[in-house]
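Quick note: the coordinates plus some simple rules give every number you see, no bench work behind them. All of these numbers come straight from a predicted model, not from anything done at the bench. With ideal geometry, Cβ positions are generated from the backbone for all residues, glycine too; neighbour counts draw on all protein chains shown.
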Amino acid sequence: MSKQCEPPKIEKEKLLIVEGIDEVVVISQILKNNNIEDIQLIPFGGKSILKNYMKDVLIKDSNFLAVKSIGIIRDADDNYEGAFDSVCSALRSSGLDVPNSENEKTVGNPMISIMILPGNSKNGSLENIFIDSVQDDPLINCVDQYFNCVSEVKGNIPKQIGKAKVHVFLSANINDPDKRLGESVKAGIWNLNNTAFYLLHKFINQL
Amino acid sequence: MLNKISIENFRGFKSLQIEDCKRFNLVIGKNNVGKTALLESLFLHVGSKNPELPIKINIFRGILKVPFTVDSLWSPLFNNFSTNKVITVSTVDDKYKSRRLEIKLASAETKKIVNHTDKKKKDSESSLVTSTSLQDRIELKYYNVENDYSSSYAIIGEEGITFENLKNSDLTGIFVLSRGKGGGMEDSERYAKLDVKGETYDVVEILKKVEPRLRRLSVVPHGPNSSIYGDIGIGQSIPIQLMGEGTSKLLSLALAITAVPNGIVLIDEIENGLHYSIMEEVFKAIIELANKYNVQIFATTHSNECLNAFFNSFFAIKNNDLSVIRLDRINDEIKSVVYNKESLETVIETGWEIRG
């Protein structure tokens, strides 16, 4: 257990369960920008342990019965269907209600909703949204050209193209070329109010 | 070994169920959720044919001088002091055998002859009269694994409390108090019995975890009493209490385990007297001893260091036979949450708070 700070526990009635630290930073910023204070962000630390996190930790927390709403956000990666099913399986193993689709919210207590990033049933990840948000930035042409070149040279491009493009996009930062996504969000490099973030905003607001 | 526990109408528990108990069960939770009461209920259950125990658990709480009345003695046992209800403590063991203890104020009439000789009373009252008291006795009705039952009673009388039908139960258990200093008469007797059987080695070895200089222990009589002394190589043996609270507390724990083979040891605030730096070693030793004597342990703690030591010791020796039972107060009722080995691994991995 962490000895540096208080161990985490459920403290709010709305929980937003996300994959990792980058998601925490991004969504924290969105919450802050929108003055939303009644949502607790919980990073579960990796897709493989979501199921255990739900059944062994969250539903056993002494404050769990006070929770009114739970949202779960994870990346689709290269298998949207599989990602959605995996979250549903974690919910079932914890005895929680399961929504039929991304656009549904269960009516029980707690209410459950799922968002698979980047949204709209597409494969990809949180980073795809960021790349969509900079389509008007002249720099995106450089990024696209780079991967066109990669494709010609290597015969293919990275499967997780959104993540790869974000790295390349951030590497063009003159003063600090090795920022990670979370750090770049903190530094204000991205416009989180861009319409590319609409679905994410909507999901958070409906929690 | 008990696997499931169900308690109704006892102390703060209206209805409490605990499942998946293991060899070693650590009970946690905020103040006033009934951690000690859980141990008390199990103590009554393992001594179901001993009607002294409802009195003893009050004494354990430090309630030493109370009037011999229903309100003082029996009512506090019942949830919300509702003496019209029946307390039940039911268990299912790992062989799926069920046992049940029911405690109630006896409905049978107790008739006694009272000779009023007070001349100031009216004539009609001076004669021999029969008075009837319905609720001055408490009945412990125990259903064994064959579902046969027997009843024993504790009865409040004018001369004190008497006990009827006191028998040995088919379960055995010991309650180790949180404030117990260890090394007293009970420990002396337990050590002497071990000594006769030549089985003191384990106890001495476990004490070396906290007092490496210890060579041997001996029971020293003084008058009608006796104490345990330890030889730590300083010329003469000294009372175990002088070797520190941790040593005497650990001695009590070890002797309790060895005294009830195949039984249950209930330990209130196991961390008391033990420095955090030795807890892991102490737990390892206790686990080993409990396995050897086939003893099941239920222990309460408030300490995070104790909880961490508990995890570390089990994972270090690759023993899966543990559970953490947390009691939570939810809408004026106490409910349990049980963590097994698998869920504790996730707790440790995520660093999540489980103390409530």
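List of remarks:
- Here, the protein assembly as shown is characterised by an Rg to Rh ratio of 1.13, where Rg is the alpha-carbon radius of gyration and Rh the Kirkwood radius.
- Label-to-label distance, B:Glu245 versus A:Gln145, with points set 7 angstrom from Cα along the beta-carbon direction: 7.5 nm.
- Candidates B:Asp332, B:Asp93, B:Asp268: whichever shows maximal mean-square fluctuation once chain B is modelled as a Gaussian network with Cα springs under 10 Å: B:Asp332
- C-alpha long axis of helix B:35-46 to longest principal axis of chain B, angle in °: 70
- Counting only other chain Cβ atoms within 10 Å of each residue's Cβ, the peptide A:55-66 averages 6.
- In straight-distance terms, cross-link reach from B:Lys85 covers every one of the aspartates and glutamates whose alpha-carbon lies under 19 Å from its own, apart from those fewer than eight places away in the same chain; here that gives B:Glu8, B:Glu40, B:Asp71, B:Glu102, B:Glu109, B:Asp136, B:Glu139, B:Asp332, B:Glu333.
- Debye-formula intensities of the range B:277-356, expressed as log10 I(q)/I(0) at q = 0.15, 0.22, 0.23 Å⁻¹, are -0.57, -1.14, -1.22 (one equal scatterer per alpha-carbon, no solvent).
- 37 °C / 0.692 mPa s Stokes-Einstein diffusion coefficient of the range B:235-302, Kirkwood radius on C-alpha pairs, µm²/s: 260
- 3J(HN,Hα) from dihedral phi, the range A:181-193, Karplus parametrisation 6.51/-1.76/1.60, rounded to Hz, x for glycine, proline: 4, x, 5, 5, 5, 4, 7, x, 5, 9, 9, 6, 8
- Scanning residues 5 or more positions from A:Asp75 or on other chains, those with amide H under 5 Å from its amide H are A:Leu117, with H placed 1.01 Å from N in the peptide plane.
- Among B:Pro51, B:Pro212, B:Pro224, the largest mean-square fluctuation in a Gaussian network model of chain B, built with springs joining Cα atoms closer than 10 Å, belongs to B:Pro224.
- Taking every alpha-carbon pair under 8 Å whose residues sit at least 6 apart, chain B reaches a relative contact order of 22 percent.
- Restricting the calculation to alpha carbons of the range B:211-356 gives Rg and Dmax of 17.8, 60 angstrom.
- Taking a straight Cα-Cα cut-off under 14 Å and skipping sequence neighbours fewer than 8 places away in the same chain, the aspartates and glutamates within cross-link reach of B:Lys4 are B:Glu19, B:Asp20, B:Asp93, B:Asp94.
- Kirkwood Rh and Cα Rg combined as Rg over Rh, evaluated for the range A:81-170: 1.15
- Here the simple spin-label model places points 7 Å from the Cα toward Cβ, and for B:Phe81 and A:Asn205 these points are separated by 5.6 nm.
- The phi-based Karplus calculation (6.51 cos²θ - 1.76 cosθ + 1.60; θ = phi - 60°) puts the 3J(HN,Hα) values of the range B:306-322 at 5, 4, 5, 4, 4, 4, 4, 5, 5, 6, 5, 9, 6, 9, 9, 8, 9 Hz, whole numbers, x for Gly and Pro.
- The range A:52-110 and the range B:1-53 have Cα centres separated by 33 Å.
- ³J(HN,Hα), Karplus 6.51/-1.76/1.60, whole Hz, each residue of the range B:259-272, x for Gly, Pro: 7, 10, x, 6, x, 10, 10, 10, 10, 8, 6, 4, 6, 4
- When chain A is treated as a Gaussian network with alpha carbon springs shorter than 10 Å, the biggest mean-square fluctuation among A:Tyr80, A:Tyr53, A:Tyr146 belongs to A:Tyr146.
- Taking the C-alpha atoms only, the angle from helix A:80-93 to the longest principal axis of chain A is near 20 degrees.
- Taking amide hydrogens as placed 1.01 Å from N in the peptide plane, the amide H of B:Gly356 sits under 5 Å from those of A:Ser62, each at least 5 positions away in sequence or on another chain.
- Share of alpha-carbon pairs per 5 Å distance bin for chain A, given as whole %: 1, 7, 14, 19, 19, 15, 12, 7, 4, 2, 0, 0
- Helix A:21-33 axis versus longest C-alpha principal axis of chain A: approximately 80°, rounded to the nearest ten.
- Listed by chain and number, the lysines placed with their C-alpha closer than 21 angstrom to that of A:Lys186 are A:Lys32, A:Lys163, A:Lys165; residues fewer than eight positions away on the same chain are left out.
- Overall dimensions of chain B by Cα: Rg and Dmax, Å: 22.7, 81
- Mean separation of Cα contacts under 8 Å (6+ apart) over length of the range A:85-128, as relative contact order %: 23
- Across chain A, the mean sequence separation of Cα contacts (distance under 8 Å, 6 or more residues apart), normalised by length, yields a relative contact order of 20 percent.
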